Structure formats: structure tokens, C-alpha cells
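Just below is one structure, and these are the notes that go with it.
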Amino acid sequence: MRSRRVVHTVESHTEGMPTRVVTGGVGVLPGATMFDRRRWFMANSDGLRKLLMNEPRGHAAMSGAILQPPTRPDADFGVLYIEVSGCLPMCGHGTIGVATVLVETGMVEVTEPTTTIRLDTPAGLVVATVHVEDGAAKAVTIRNVPSFLLQRDATVKVAGVGEVTYDMAFGGNFYAILPLADLGVPFERSEKQRILDAGLAVMDAINEQNRPVHPDNPEIAVCHHVQLVAPGSTAQRSRHAMAIHPGWFDRSPCGTGTSARVAQLVARGELAMDTDFVNESFIGTHFVGRAVEATTVGGADGGPGGTIDAIVPTITGRAWVTGTAQYHLDPTDPFPEGFEL
């Protein structure tokens, strides 16, 4: 067997969404921070992401994480998040998957009833508390980066729909949040293509007419997620379908999306601090979100716009290890970066 490259992974899923955790075969990426490493990786090594995420090794909804040495002294591991659409600054379900893999494989010292793992991500430090029983990871609670409502009741003109009102919130990535009923599509699995098409149309309109920009990092300046909230949802329990660029649904309840939703509800005065919020995915799996600390973002170095009220959220969910793998690249393989169909 001839191989130009061999990559070692541990496979997992978090409430239905895969995380392919790369444990070997990559080496240390250049960069003083994980955000620098993300920038370098996208410019110089994106073919590896495509090889692992695209068919035939991956699929249209594949997601993963590459383990790295940390760039900061208060972290245990660095993490670079990869998926079919690119490299995310942060990924909640991926972080839960990474923490579970680190415990289940013994890559960290495991203590019961909890094992704390500090992860250096492109979006900042994320602390994962793994709830352990008999050496097994039963649940993971992540303390996410500051999350906030950027825009309330913003509007865009969407082709084929008309004017649409939405909230734009950040939870590690930007999320447009709006009721699915406003788009005239029922919340039914049988209508999944119409739901996805409507979500992508909203996404395109926002990025063309009102692209969001993070107040502390102008390189985070795109909306690749639209959270379409189901009828009957409340500030205590909500259902949604998450449309993601370039055209797929999140199978999990979405950790950064749940963080954004918690921030939205707190900013609107609908959810109190230190109160559980249950977020349900399109396939019926659940995360529990909670706002545990008030903070602010923006206004750094006297920049324009001043500060924005924000919260620090926690997200609790569970992941399961599904296997281990070695992925090879034969020098004659006609698809060295996979393919999309």
C-alpha cells in the first residue's frame, strides 16, 4: 500500500453530529495563536481539510477537529475546527467531541467525577468539564467564549420571500435567528429541502446586504448559520433547524448556535441568568445552555461603536466514540482533496 500521507483519527458523534478528531499525522502548524494557525492553515494546508471532510472519506455534513499543542500556557490542547465549509473559529459540538475523545482514549489524566480540559481555540480559551463515571465520559459542559446579540430586529430583502426580520447573535460564530413560520415553511422533516433553501436564501441576503462583523476581531465577518426556530418554541425550550453554508443541516443542537440563542434570549429579557435553556435539534437531540456570567465585548482600544453587553454561556451535551481510523492518500488517487457533488 503506497501512501503519500497517513492521518490518524478518532471518530465520534455529538448528539448525532460527527467530529473526526485528528490525533496524528499533521505536525505543529505555524502561528503564535490558534487564530494565527487557523489563518495559516486556510492559506497553506486547506487541502488536508478537504481530503478529510469531502467525499469519498467524508460527506456533505462532515465535521472535524485537529489537535495541536496549545499556544497559551493556561491551555492543555489547541484545537483547529474543520468542516466541509472551511475552518470555524469555534465549534461547540466539536469541542464536546474533542473532550470526550481525550477522556475516552486516555490522552488526558482522567479524574472522577469530573475532568477539566482547557482548550485553546481560534475564538479564545474554552474550558470543558467532562462528567466521568467508571472512566467513561457521560456528558460534557463547555464554558464558551463571550456571546452577544449584535443586532435586534434587523431586516433584509430575501429573493422570493420579501423583507425578513431576524436577530444576529454571536456564540463563537455568527447566527441569524428567526421564526421558520416567517418564511412560510412548516417545521417538518419532509420539508427539509424547502427549509434548507429558505435558510440559505436568508444567509445569502444577509452576507450581501448586512454582513456581521465581530467588534473585537474584524476577520470574523460572515454569517454561515441560520437558526430557523420552530413554532411553539419558548425561552425555556426551543426547537430549530440549523441551515449551514454551503448547504446542509447541523445534526446536533449546535453548541455555538445554542450559545448565540442564549445570548439573544438574555438580551431580549426573555431568559434570566443562571437558568437552563433546552435547545432541540432538527433530529430531536438536545443541548442545555445557561448564561453564567455577564460581560462585555467591543470598545477595545477606544474603537468605534463602544461596548456591547454579552454573556458567558455554558453548554452541556454528550458525545460517543464511534471508531478509530487511518486515512491514506495514494499518490495516484485522482481526488487528492476529495470532491463535492
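Quick notes on this one:
- Whichever residue in segment 323-341 is out of contact with any Pro (no Cβ under 8 Å at 6 or more places or on another chain) and not in a loop (DSSP other than H, G, I, E, B) and, among such residues, is surrounded by the most Cβ atoms within 10 Å (Cβ to Cβ): Tyr327
- Residue tally, condition closer than 25 Å to Ile142 by Cα, open to solvent by 20 Å² or more (accessible area, probe 1.4 Å) and either assigned to a helix (DSSP H, G or I) or among the acidic types (Asp, Glu) (or both), over segment 160-218: 1
- If only residues of segment 18-33 that are of a type in the set (Val, Ile, Thr) and either open to solvent by less than 40 Å² (accessible area, probe 1.4 Å) or part of a loop (DSSP other than H, G, I, E, B) (or both) are counted, the one that is farthest from Gly124 (Cα to Cα) is Val26.
- Among residues that are of a type in the set (A, V, I, L, M, F, W, C), surrounded by 14 or more Cβ atoms within 10 Å (Cβ to Cβ) and within 13 Å of Ala169 (Cβ to Cβ), Ile308 is included.
- Selection count, segment 8-33, where residues are of a type in the set (Val, Ile, Thr) and within 18 Å of Val130 (Cα to Cα): 4
- Among the residues of segment 143-152, the one identified as within 18 Å of Gln227 (Cα to Cα) and open to solvent by 90 Å² or more (accessible area, probe 1.4 Å) is Arg152.
- Within segment 312-333, considering residues that are over 30 Å from Ala260 (Cα atoms) and of a type in the set (A, V, I, L, M, F, W, C), the one nearest to the chain's Cα centre (by Cα): Ala325
- Residues in segment 163-182 include at least one that is touching a residue at least 40 places away in the same chain (Cβ under 8 Å) and of a type in the set (Ser, Thr, Tyr).
- Options Thr111, Thr115; residue that is without any contact (Cβ under 8 Å) to a residue 40 or more places away in the chain and either closer than 22 Å to Thr324 by Cα or assigned to a strand (DSSP E or B) (or both): Thr115
- Residues located in segment 190-221, provided they are in contact with a strand residue (DSSP E or B) (Cβ under 9 Å, 6 or more places away or on another chain), modelled with pLDDT under 95 and of a type in the set (D, E, K, R): Asp216
- Unmet criterion (only one of (1) modelled with pLDDT under 95; (2) touching a Ser or Thr at 6+ places or on another chain (Cβ under 6 Å); (3) open to solvent by 70 Å² or more (accessible area, probe 1.4 Å)) for Gly299: (3)
- Scanning segment 34-82 for residues that are of a type outside the set (Gly, Ala, Ser), in a loop (DSSP other than H, G, I, E, B), open to solvent by 30 Å² or more (accessible area, probe 1.4 Å) and in contact (Cβ under 8 Å) with a residue 40 or more places away in the chain yields Pro56, Arg57, Pro69, Pro70, Thr71, Arg72, Asp74, Asp76.
- Within segment 240-285, if we keep just the residues that are free of Cβ contacts under 8 Å to residues at least 40 places away in the same chain and in a loop (DSSP other than H, G, I, E, B), the residue that is surrounded by the most Cβ atoms within 10 Å (Cβ to Cβ) turns out to be Leu271.
- Residue tally, condition open to solvent by 50 Å² or more (accessible area, probe 1.4 Å), not in a loop (DSSP other than H, G, I, E, B) and not aliphatic (A, V, I, L, M), over segment 311-322: 2
- The sole residue among Thr95, Thr105 that is surrounded by 20 or more Cβ atoms within 10 Å (Cβ to Cβ), of a type in the set (S, T, N, Q) and in contact with a strand residue (DSSP E or B) (Cβ under 7 Å, 6 or more places away or on another chain) is Thr95.
- Residues of segment 115-138 satisfying the condition of being under 10 Å from Met34 (Cβ atoms) and more than 15 Å from the chain's Cα centre (by Cα): none
- Qualifying residue in segment 225-232 (condition: open to solvent by 30 Å² or more (accessible area, probe 1.4 Å) and modelled with pLDDT of 95 or more): yes
- Of residues in segment 83-108 being in contact (Cβ under 8 Å) with a residue 40 or more places away in the chain and of a type in the set (Val, Ile, Thr), the one farthest from Pro69 (Cα to Cα): Val84
The values are calculated or read from the model by the stated rules, or taken from the named source; none is laboratory data. Model, not experiment: these values are computed from the prediction. Note: ideal-geometry Cβ built from the backbone for every residue, glycine included; neighbour counts use all protein chains shown. SASA here: full protein model, heavy atoms, side chains in, ligands and nucleic acids out. Shrake-Rupley method; radii C 1.70, N 1.55, O 1.52, S 1.80 Å.
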